[in-house]
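What follows is a set of notes on a single structure, which appears directly below.
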Amino acid sequence: MRKLSFFVSVALVASLGLSLFGPVKKAQAAFYANNLMSDAAFDFSNSLNADQINAFLNTQHTSCISPDSGFQAVLPTGYTPTGGFTYGDYTSAGMVIGTAANVYGVNPQVLLATLQKEQGTVVGASGFCDNGDENKYSAAVGYGCPDSGTVYNWSGVSLYRRNGVVHSNTGPTCVNSAAKAGFSQQVIRAAWLLKFGEQRSEGKTNWAVISGSWDNSDDLSTCYGGPMTQGSFKRCPTETNPTAYDGWTTIDGLSTHMDTGPTAALYWYTPHFSGNQHFVSIFEGWFGSTQTPATCTGTETPLPYVQRFYNPRTFEHFYSAFSCDVSFLQKIGYTLEGPVFNTTPSNAAWAVPVYRLYNPQTKQHMWTTTNQTPSQLAAGGSGYQQEAGIVFYVAQSNMPGVHPVVQFYNPKTYLHFWAADPKVSEVVFLQQQAGYNWEGNAFYSQ
């Protein structure tokens, strides 16, 4: 199969997508206040399991909550409307975070970024973790800490345990209830509140987790008071008729549009630009895009071809060889444009792996056959970091019957574009009318 990856429309070509590899140009950093995170990325509750979370924490060598630091906290085990949350024995932070994420359907990476944003316990610092200030654990994610600045003291609570020593006195803390004080108490409530905010801001008043020991049936009668996305929705399940919302709310004195439910939930949780900009920066620095999670890599057999997607809002393209990417890419605004070139079976002797990178400054992805370590990518100064490992395979250049996939770059838009074995007329069009420069053959397809 030979497919061409180009547009015949000037308007579309002038705003084409993403880079494969080769020379990488920088663009100005951007903070999209109207769209902090997509539903697909926010809902990706199985992005990391408990062991993977713990492994990540152990890479932060001064972390306050890593297994290597001796940290443990009580495991959330259930909820009832009359008894509230219940907890079991002490376990790892990864197990607490993973449990909260799975119960309420929230990406555990969101919880990790929130922990770092609020109290800095994920990264920690030398002398920071055990300096006597227990507020970093009692208010681990800032839940129950109003802006009033009131200080409380609670005792007899299960804050955390380190190296077998239980810590149960909060000291001065911003948390306004003893039941909310402590690492696990904070994390499980944050997972619930963020998910509740996402669902209710999108008008889903029938959302509630009712399964096994988790009975959040009281949510079905609970009203929501946060920002709303655009549409006709009910804030309270008991309302007779829905109300039309335009999606706009005021953040730090500025009108801000809630493009997605997670955006509304994050502003409900932290109603300021600075805190949410910090959250996005942390998330993207660790895990990549807040818009496109790597949900399919390693979970299914790749297609025999790479498909191209286009987002008319961001002018970006995304390339995937997995059919399971289709639904969530469409959910966050991409349209499927069809196959653009063939992949190579991974077990073929001539198979060349392609890796996906992400640049949190430019919000762009890049596909490359060069597998660089994080330190090598950082040393290169491009701003890219590895996001998904191997995403598909292409062919070696010396194989018979291969076609080049050519890379173009537009210095005005900082965008790259693939063209599979383009005609001369197509190259001329890209260069003279769309402002793209030829950068050579990126890789080869059979």
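Remarks
- Top-ranked residue of segment 371-396 - restricted to ones that are closer than 18 Å to Tyr444 by Cβ and surrounded by 13 or more Cβ atoms within 10 Å (Cβ to Cβ), ranked as modelled with the lowest pLDDT: Ile390
- Segment 200-213, residues that are of a type outside the set (Gly, Ala, Ser), touching a helix residue (DSSP H, G or I) at 6+ places or on another chain (Cβ under 7 Å) and surrounded by 19 or more Cβ atoms within 10 Å (Cβ to Cβ): Glu202
- When every residue of segment 115-136 is checked against the conditions, none turns out to be surrounded by fewer than 20 Cβ atoms within 10 Å (Cβ to Cβ), closer than 30 Å to Ile210 by Cβ and of a type outside the set (Asp, Glu).
- Residue check for Ser184: surrounded by fewer than 19 Cβ atoms within 10 Å (Cβ to Cβ), under 21 Å from Cys64 (Cα atoms), touching a helix residue (DSSP H, G or I) at 6+ places or on another chain (Cβ under 8 Å) and at pLDDT 95 or above: no
- Qualifying residue in segment 83-98 (condition: modelled with pLDDT of 95 or more, over 15 Å from the mean Cα position of the chain (by Cα), assigned by TED's automatic domain parsing to the domain that holds Phe279 and closer than 25 Å to Thr256 by Cα): no
- Of the residues Glu337, Glu300, the single one that is outside the structural domain of Gly261 (by TED's automatic domain parsing), surrounded by fewer than 20 Cβ atoms within 10 Å (Cβ to Cβ) and at pLDDT below 80 is Glu300.
- Screening Arg313 against (1) more than 18 Å from Phe287 (Cα to Cα); (2) of a type in the set (D, E, K, R); (3) in contact with a strand residue (DSSP E or B) (Cβ under 6 Å, 6 or more places away or on another chain) leaves a single unmet condition, (3).
- Within segment 306-334, if we keep just the residues that are over 20 Å from the mean Cα position of the chain (by Cα) and assigned to a loop (DSSP other than H, G, I, E, B), the residue that is surrounded by the fewest Cβ atoms within 10 Å (Cβ to Cβ) turns out to be Pro312.
- Selection of segment 86-98 for residues being within 15 Å of Ser213 (Cβ to Cβ) and either buried (at least 23 other Cβ atoms within 10 Å of the Cβ) or hydroxyl-bearing (Ser, Thr, Tyr) (or both) yields Thr86, Tyr87.
- Selection within segment 400-430 - under 15 Å from Thr368 (Cα atoms) and either in contact with a helix residue (DSSP H, G or I) (Cβ under 6 Å, 6 or more places away or on another chain) or β-branched (Val, Ile, Thr) (or both): Val405, Val406, Phe408
- Arg200 vs. criteria assigned to a loop (DSSP other than H, G, I, E, B), in the same structural domain as Gly84 (by TED's automatic domain parsing) and under 20 Å from Leu266 (Cβ atoms): no
- Complete set of residues in segment 64-85 that are assigned to a strand (DSSP E or B), polar (S, T, N, Q) and surrounded by 15 or more Cβ atoms within 10 Å (Cβ to Cβ): Gln72, Thr77
- Test result for Asp219, surrounded by fewer than 19 Cβ atoms within 10 Å (Cβ to Cβ) and at pLDDT 95 or above: no
- Verdict on Ala29 being at pLDDT below 95 and either in a loop (DSSP other than H, G, I, E, B) or assigned by TED's automatic domain parsing to the domain that holds Ser177 (or both): yes
- Any hit, segment 145-161, residues being farther than 30 Å from Asp218 by Cα, in contact (Cβ under 8 Å) with a residue 24 or more places away in the chain and assigned by TED's automatic domain parsing to the domain that holds Glu198: yes
- Qualifying residue in segment 243-255 (condition: in a loop (DSSP other than H, G, I, E, B), modelled with pLDDT of 90 or more and within 30 Å of Val326 (Cβ to Cβ)): yes
- Tyr160 of a type in the set (Phe, Trp, Tyr) and closer than 23 Å to Gln116 by Cβ: yes
The values are calculated or read from the model by the stated rules, or taken from the named source; none is laboratory data. Predicted, not measured: the structure shown is a model, and the values here were computed from it. We place every Cβ from the backbone using ideal geometry, glycine too, and count neighbours over all the protein chains shown.
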